[in-house]
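Readers should treat all values here as calculations from the given coordinates under stated rules, not as data from a laboratory. Just so it is clear, the model here is predicted, and its values are computed rather than measured. Cβ: placed from backbone, ideal geometry, glycine included. Neighbour counts: every protein chain shown.
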Amino acid sequence: MSTILVTGGTGYIGSHTTVELMESGMDVVIIDNLENSKKEVIDGIREITGKAPHFEEVDLRNRTATFAVFEKYPDIEATIHFAAYKAVGESVEKPLAYYENNLLSLINLLEAMKKFDVANIVFSSSCTIYGQPEEMPVTESAPIQVATSPYGNTKQICEEILRDEVASGSTTRVIALRYFNPVGAHISAKIGELPLGIPANLVPFITQTAIGLREQLNVFGNDYDTPDGSAIRDYINVVDLARAHVVAIKRLMENKQKKPLEVFNLGTGTGLSVLEVIKAFESATGEKVNYKIVARREGDIEKVWADTSIANEELGWIAEIGIEETLRSAWKWEQTIRK
Ligand code: NAD
Ligand code: WQD
């Protein structure tokens with residue numbers, strides 16, 4: 001049985017990926033410092049898979065503690081690196097914390113992998129690095145734009161660190177996955193997204209408004225150059241996203257890479273406007289969303305959706321779950337956690 005180290009494995013995307021890895025017969029060791037997640041997530045994973053992953057409460061900024069995990073689990077064959085700070089707005093207020101956490105965690109992980117002869121890493125990147133692309137849908141070869149937030153810049157720098165490490169002649173092999181907008185929850189409603197405080201992202205704000213936790217959803221702008229004037233994104237189901245990680249890990253372990261660093265867009269290939277997402281939520285759940293059009297949010301781009309043809313062809317992976325089913329899963333999760 002292959003052992004995979006999942007950093008940030010109790011977080012939103014990490015927990016769903018852990019489930020999919022375990023259901024594919026892999027053994028998972030999680031590293032998480034629980035700064036943005038809860039230990040109880042492990043119970044949810046156990047309830048779904050019938051088994052608990054190994055869990056190490058470790059901060060990746062601590063190199064000694066990170067190395068100790070590799071010593072404890074000599075069978076680790078590959079890593080998936082989710083652990084990072086991810087709030088765009090907060091990163092503008094606390095840039096140093098973002099650079100320290102997101103860069104140092106990756107560097108420590110790569111150092112540990114080198115020392116313990118682990119070559120394979122899947123890295124969580126983001127469509128934020130494309131900024132507002134000139135051509136749509138956006139392909140992996142679209143130019144990387146100057147980052148508009150320290151968070152976005154950490155993703156660009158992390159990709160550069162990985163590129164330089166591979167170019168140095170090290171044995172490290174990388175698949176960087178650029179996620180578009182991950183949404184939804186596991187169909188069991190045993191794991192899902194747990195935003196702390198007021199959510200910045202659209203879907204948790206919709207479900208919290210529908211359940212009465214927030215009075216109203218602000219729709220940021222209806223004067224964009226889009227069919228209904230609201231901004232367009234590519235919303236990808238988190239379980240579809242998680243499955244792509246299983247494919248990527250197998251590709252690395254089976255030596256199927258065409259080059260030592262590969263990059264793939266992970267999205268559905270379809271853009272939806274904010275107003276379309278609200279309508280889809282209402283029709284999927286029968287709930288009304290109290291919303292109001294307000295001014296644009298600073299820093300937002302107008303539209304972005306993925307060209308997924310390379311991921312589809314090379315990985316043999318495709319997003320399968322439709323938006324209504326996805327939003328129903330988010331709603332079921334919201335109802336479960338408010339009980
Ligand atoms: P999340 O915050 O739910 O999960 C990240 C986990 O990492 C948390 O459990 C947190 O406690 C842990 N963590 C953070 N710093 C750590 C450290 N120094 N040591 C150990 N653990 C640490 O976030 P998520 O939404 O699951 O995102 C996972 C990854 O995907 C991140 O790298 C994020 O930047 C990237 N990403 C997310 C999105 C999105 O919209 N959610 C989009 C694109 C990319
Ligand atoms: C989606 C759309 C908002 C909230 C962010 C990060 C990006 C990536 C994914 C990590 C936008 C609108 C939102 C609300 C609204 N993360 N909206 N009312 O901004 O596309 O991307 O998450 O890498 O880096 O920037 O996602 O969910 O915040 O917004 O109208 O209350 O919904 O304006 O058009 P975004 P989001």
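For residue 188, neighbours were defined as the other residues whose beta-carbon sits under 10 Å from its Cβ, and their charges (Lys and Arg +1, Asp and Glu -1) total +1.
Look at where the Cα atoms of region 77-141 and of region 1-76 average out, and the two centres are 18 Å apart.
Mean residue ellipticity at 222 nm, helices only, the chain: -12000 deg cm²/dmol; runs of at least 4 DSSP H residues each add -39,500 (n - 2.57), and the sum is divided by the number of residues. Computed from phi, the 3J(HN,Hα) profile of region 58-65 under the Karplus parametrisation 6.51, -1.76, 1.60 (θ = phi - 60°) reads 9, 9, 5, 5, 8, 5, 4, 5 Hz, with x in place of Gly and Pro.
Distant-in-sequence amide contacts of residue 78, defined by a placed amide H-H separation under 5 Å and a gap of 5 or more residues or a different chain, comprise 5.
The P(r) of region 1-70 has a tail past 15 Å containing 46 percent of all C-alpha pairs. Among the GluC sites (Glu not before Pro) in region 3-36, those located in a DSSP loop and surrounded by at most 16 other Cβ atoms within 10 Å of their own Cβ are 35. Its alpha carbons give region 178-297 an Rg and a Dmax of 17.1, 52 Å. The long axis of helix 238-253 is offset from the longest Cα principal axis of the chain by roughly 20 degrees. Annotation: extensible slack from residue 2 through residue 201 equals 68.2 nm (criterion: 0.36 nm per residue apart, minus Cα-Cα distance). Relative to the longest principal axis of the Cα atoms of the chain, the long axis of helix 150-167 lies at roughly 30 degrees.
Its alpha carbons considered, region 218-277 gives a radius of gyration followed by a Dmax of 16.7, 49 Å. Whole-Hz Karplus values for region 32-45 come out as 8, 9, 6, 5, 10, 7, 10, 4, 4, 4, 4, 5, x, 5 Hz, taken residue by residue from phi with 6.51 cos²θ - 1.76 cosθ + 1.60 and θ = phi - 60°; glycine and proline positions read x. Evaluated with a Cβ-only charge set (Lys, Arg +1; Asp, Glu -1), region 40-171 carries a dipole of roughly 160 debye about its Cα centre, given to the nearest 20. Projected onto their three principal axes, the Cα atoms of region 233-339 cover extents of 50, 34, 20 Å, largest first. Evaluated at q = 0.07, 0.08, 0.09 Å⁻¹, the base-10 log of the normalised Debye intensity for the chain, with identical point scatterers placed on the Cα atoms, takes the values -0.27, -0.35, -0.45. Summary value for region 198-250: 15 percent relative contact order, contacts being C-alpha pairs under 8 angstrom separated by 6+ residues.
Quick check on region 60-165: take the gyration tensor over C-alpha atoms, sort the square-rooted eigenvalues as a ≥ b ≥ c, and tell me if it's rounded (a/c under 1.5), prolate or oblate. Since a/c reaches 1.5 but b/c is at least a/b, the shape of region 60-165 is classed as oblate. Treating each Cα of region 157-230 as one equal point scatterer and applying the Debye formula with no solvent, the log10 of I(q)/I(0) at q = 0.17 Å⁻¹ comes out as -0.85.
Using the Karplus relation 6.51 cos²θ - 1.76 cosθ + 1.60 with θ = phi - 60°, the per-residue 3J(HN,Hα) values for region 128-143 come to 4, 5, 7, x, 8, x, 6, 10, 10, x, 8, 9, 5, 8, 4, x Hz, with x marking Gly and Pro.
Over the chain, what is the relative contact order in percent, taking alpha-carbon pairs closer than 8 angstrom and at least six residues apart?
Normalised by residue count, the contact order of the chain is 19 percent.
Under a 5 Å amide H cut-off, with hydrogens placed 1.01 Å from N, residue 306 pairs with 138, 268, 269, 270 among residues at least 5 apart or on other chains.
Is any residue of region 145-161 close enough, with backbone N under 18 Å, to a label point placed 7 angstrom from the Cα of residue 310 along the Cα-Cβ axis, and if so, which? Under cut-off, by backbone N: 145-146, 155-161.
Rounded if a/c is under 1.5, else prolate if a/b is larger than b/c, else oblate: which is region 188-252, with a ≥ b ≥ c the root eigenvalues of its Cα gyration tensor? Because a/c hits 1.5 or more and a/b fails to exceed b/c, region 188-252 counts as oblate. The alpha carbon radius of gyration of region 104-165, expressed as a multiple of 2.2 N^0.38 Å, is 1.30. Based on the Cα coordinates of region 143-187, what is the per residue volume of their convex hull in Å³? In region 143-187, the Cα hull volume divided by residue count equals 115 Å³.
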